[in-house]
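What follows is one structure encoded as structure tokens, with my remarks underneath.
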Amino acid sequence: METGLSNTEKFALQLLEWFYKVKRDLPWRRSRDPYAIWVSEIMLQQTRVETVIPYFERFMQRFPSINELADAPEEDVLKHWEGLGYYSRVRNLQSAAREVKAEYGGVVPADPERFIKLKGIGSYTKGAVMSIAYQIAEPAVDGNVMRVMTRWCGWYDDIAAGKTKTKIEEFVRTVIPRDQPGDFNQALMELGSQVCTPKSPSCERCPVQLNCMTFANGWQNELPVKTKLKSDRVESRWVAVVTRRRAYDGEVEVLVRQRPDTGLLAKLWEFPHEIFTGGEAHEVISESLRFNSDHPKLFWQGTHVFSHLKWQLDAYYVELLEDVEIGAELTWFGPEERAKYAFAQAFTVIWQAFENRALEAM
DNA sequence: AATCCGGGGTA
DNA sequence: TACCCAGGATT
């Protein structure tokens, strides 16, 4: 049959038709608010849909508009990101919200060139928000789209190389329908996550199988080409869970410190390695005999894996029996502070292990 | 171009 | 284990 359509036009039509049938009902798809779509796209960076949903609901309830996010205390914003990872995302998001409030009257600019200048907005997020919120025909090329397009085109370009992403963006720009760019971008990603999966893709269910070079040639196990990442480095560290009891209600308090404002887990809270008394730093373990009649007790060991780093962790318990002067670098967290401030996941695991151990001892 | 930056699901 | 995930900033 002769339809008069090019292969890429058929691709777009078949993909959209499929998307309208299988489209999932996701919280951010119920909103037309550019800010809500923006928040969802930041959360979805390197993060699965199922993980994001509860964070998105909680975040939008607490910060329903750009102005309310801009005016919120940073510690509150970080607390609503606790456990989601890549914490610079939310610090950049609040910084960008403050800029939008000041420069654009609290309205997300409907201009890709202005929007991408905001903190935390790269080429993918620019395309996603502009196309979904404002129906602007910009490509939104993420890991899913790179996999789908290299397979469909039969390209052996290394998707780990930067120029491959540029090549795919230029190609998508020629395919993207001018009247429904947001749906098209979402459809590409949906196809990548639901059908054109990294391993054993479901080609029998694929709506764009017709002119797919990978399906035609049986290259499913060859494409996409991606160079391997270097292996993680390993760091060994120990931390101390130092406790005392509050005099007025008997609640347990734990000694914590705030991490530096840049780098890994910036501004999150953690258990200390050192204790500060009289302006000097001492290792908690070596000093513990001053505080506790018992030796420090190793109560937990484990590993925590980051993107490019693995921690081998030892956790010791030290009970503070007499009151000692603690330097300003450290502070005590009771239940109230724990509920208010963001704690790094690696240490939350240790805190829970500590509580479980305390329960068993009762 | 290479590295940093989290945490969790999956084969 | 190894890979991947609706990536961006920094060097």
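Where a number appears in this text, it was derived from the coordinates with a stated rule and is not lab data. Everything quoted here is computed from the prediction, not taken from an experiment. Because the Cβ atoms are built from the backbone with ideal geometry, glycine has one as well, and the counts that use them run over all protein chains shown.
Close amide H contacts of A:Phe343 (hydrogens built in the peptide plane, cut-off under 5 Å, sequence separation of 5 or more or a different chain): A:Trp269. Listed values for region A:91-102 are Karplus-derived 3J(HN,Hα) couplings in whole Hz (6.51 cos²θ - 1.76 cosθ + 1.60, θ = phi - 60°), namely 5, 5, 4, 5, 4, 5, 4, 5, 5, 5, 5, 6, and x replaces Gly and Pro.
Taking the fewest neighbouring Cβ atoms within 10 Å as the starting point, the ordered list for A:Phe19, A:Phe347 is A:Phe19, A:Phe347. Compared with the alpha-carbon gap, the fully stretched path from A:Asn92 to A:Arg29 is longer by 20.4 nm at 0.36 nm per residue. Distance between the modelled labels on A:Ser65 and A:Glu337, one decimal in nanometres: 3.5 nm (7 Å Cα→Cβ projection). One chain, two ends: A:Glu235 and A:Lys119. Fully extended at 0.36 nm per residue, the span grows by 38.7 nm beyond their Cα-Cα distance. The HN-Hα couplings worked out from phi for region A:69-83 by the Karplus form 6.51 cos²θ - 1.76 cosθ + 1.60 (θ = phi - 60°) are 5, 4, 8, 7, x, 4, 4, 5, 5, 4, 4, 6, 9, 4, x Hz, whole numbers, x standing for Gly and Pro.
Between A:Thr243 and A:Tyr20, residue separation times 0.36 nm minus the direct Cα-Cα distance comes to 74.7 nm. Each part gets one Cα centre, and for region A:107-186 versus region A:297-316 those centres are 38 Å apart. Among A:Val148, A:Val22, a tally of other beta-carbon atoms within 10 Å of each Cβ gives an order, fewest to most, of A:Val22, A:Val148. A simple charge model with +1 on the Cβ of Lys and Arg, -1 on the Cβ of Asp and Glu and nothing else charged puts the dipole of region A:132-267 at about 640 debye relative to its Cα centre. FRET efficiency for the A:Thr303 to A:Arg58 pair, using the beta carbon distance and R₀ = 30 Å, is estimated at 0.55. When the charge dipole of region A:86-180 is built from unit charges on Cβ atoms (+1 for Lys and Arg, -1 for Asp and Glu) and taken about the Cα centre, the candidate among A:Val148, A:Ile116, A:Tyr134 whose Cα reaches farthest toward its positive end is A:Ile116. Measuring r between the beta carbons of A:Gln46 and A:Glu251 and using R0 = 35 Å, the FRET efficiency lands at 0.40. Each of A:Tyr156, A:Tyr35, A:Tyr86 was scored by other Cβ atoms within 10 Å of its Cβ. Listed from fewest to most, they are A:Tyr156, A:Tyr86, A:Tyr35. A Förster radius of 35 Å combined with the Cβ-Cβ distance from A:Asn217 to A:Arg173 puts the calculated FRET efficiency at roughly 0.85. Between the exposed loop cleavage positions of chain A, defined as GluC sites (Glu not before Pro) in a non-H, G, I, E, B DSSP state with at most 14 neighbouring beta-carbon atoms within 10 angstrom, the longest gap is A:3-221. Taking a point 7 Å from the Cα of A:Arg205 along the Cα-to-Cβ direction, the residues of region A:17-46 with backbone N closer than 14 Å to it are A:18-19, A:21-24.
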